[in-house]
Amino acid sequence: MALTPEQQAAVDTRDKTLLVSAAAGSGKTRVITCRIAYMLSCGILPEQILGLTFTNKAAAEMKERLAELCGASAAGKVTLGTFHAFAGRLLRKEIGVFGFLPSCCSSSWENSSLSSSSKGSSTRFGASPLLR
């Protein structure tokens, strides 16, 4: 993939974390995907990489491009997705740490943001019957 000098610098940085912020259509998804491929080529285990984006479209493109660059096996072990989907998975897994019962997290969070029908539901977010 052809990258601009600025994009290549972001891919090659040795910093542990990287925030890519740019205008729509400027190549953010390409930069993040190339960065993850670079990290894998440096020996970083795919299970230790987290790639987050705002849209489902960008997350799907990252997964597809990474599989093309690194193979489906390695790409499938990298955690890639939207901020909302990742937060939902994390909450469902670790909700007890915050003093809530596991039943307070909706399984519908897995692949989407909050739907309009759930935005007003206080029980879904840990109203008193769901507290420990």
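The values are calculated or read from the model by the stated rules, or taken from the named source; none is laboratory data. Everything quoted here is computed from the prediction, not taken from an experiment. Glycine gets a Cβ as well: all are built from the backbone with ideal geometry, and neighbour counts include every protein chain shown.
What is the number of the single condition among (1) more than 13 Å from the chain's Cα centre (by Cα); (2) in a helix (DSSP H, G or I); (3) modelled with pLDDT of 90 or more that LYS93 does not meet?
Failed condition: (3).
Scan region 1-34 for residues that are in a helix (DSSP H, G or I) and out of contact with any Cys (no Cβ under 8 Å at 6 or more places or on another chain) and report the count.
13
Here is a yes/no grid of residues against (1) touching a residue at least 12 places away in the same chain (Cβ under 8 Å); (2) of a type outside the set (Phe, Trp, Tyr); (3) farther than 30 Å from SER103 by Cα; (4) surrounded by fewer than 19 Cβ atoms within 10 Å (Cβ to Cβ):
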site: PRO5; (1), (2), (3), (4): no, yes, yes, yes
site: ILE32; (1), (2), (3), (4): yes, yes, yes, no
site: ILE49; (1), (2), (3), (4): yes, yes, no, yes
site: PHE54; (1), (2), (3), (4): yes, no, no, yes
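Within the set of pairs 6+ apart or on separate chains, which have a first residue in region 77-95 that is in contact (Cβ under 8 Å) with a residue 24 or more places away in the chain, a second that is among the aromatic types (Phe, Trp, Tyr), and C-beta atoms under 6 Å apart?
none
Take the residues in region 77-95 that are β-branched (Val, Ile, Thr) and under 24 Å from GLY43 (Cα atoms); name whichever of them is surrounded by the most Cβ atoms within 10 Å (Cβ to Cβ).
Result: VAL78.
Does region 34-72 hold any residues that are touching a strand residue (DSSP E or B) at 6+ places or on another chain (Cβ under 8 Å) and β-branched (Val, Ile, Thr), and which are they?
ILE36, ILE49, THR53, THR55
Which of (1) among the small types (Gly, Ala, Ser); (2) surrounded by 13 or more Cβ atoms within 10 Å (Cβ to Cβ); (3) out of contact with any Cys (no Cβ under 9 Å at 6 or more places or on another chain) does ALA37 not meet, given it meets every other one?
The single condition ALA37 does not satisfy is (3).
Which numbered condition in (1) surrounded by 14 or more Cβ atoms within 10 Å (Cβ to Cβ); (2) of a type in the set (D, E, K, R); (3) not in a helix (DSSP H, G or I) is the only one that ARG65 fails?
Checking ARG65 against (1) surrounded by 14 or more Cβ atoms within 10 Å (Cβ to Cβ); (2) of a type in the set (D, E, K, R); (3) not in a helix (DSSP H, G or I), the one that fails is (3).
Over 13 Å from the mean Cα position of the chain (by Cα) and β-branched (Val, Ile, Thr) - does that describe any residue in region 27-41?
Yes, that holds for at least one residue.
Report the residue count in region 11-26 for those that are surrounded by 12 or more Cβ atoms within 10 Å (Cβ to Cβ) and under 18 Å from the mean Cα position of the chain (by Cα).
4
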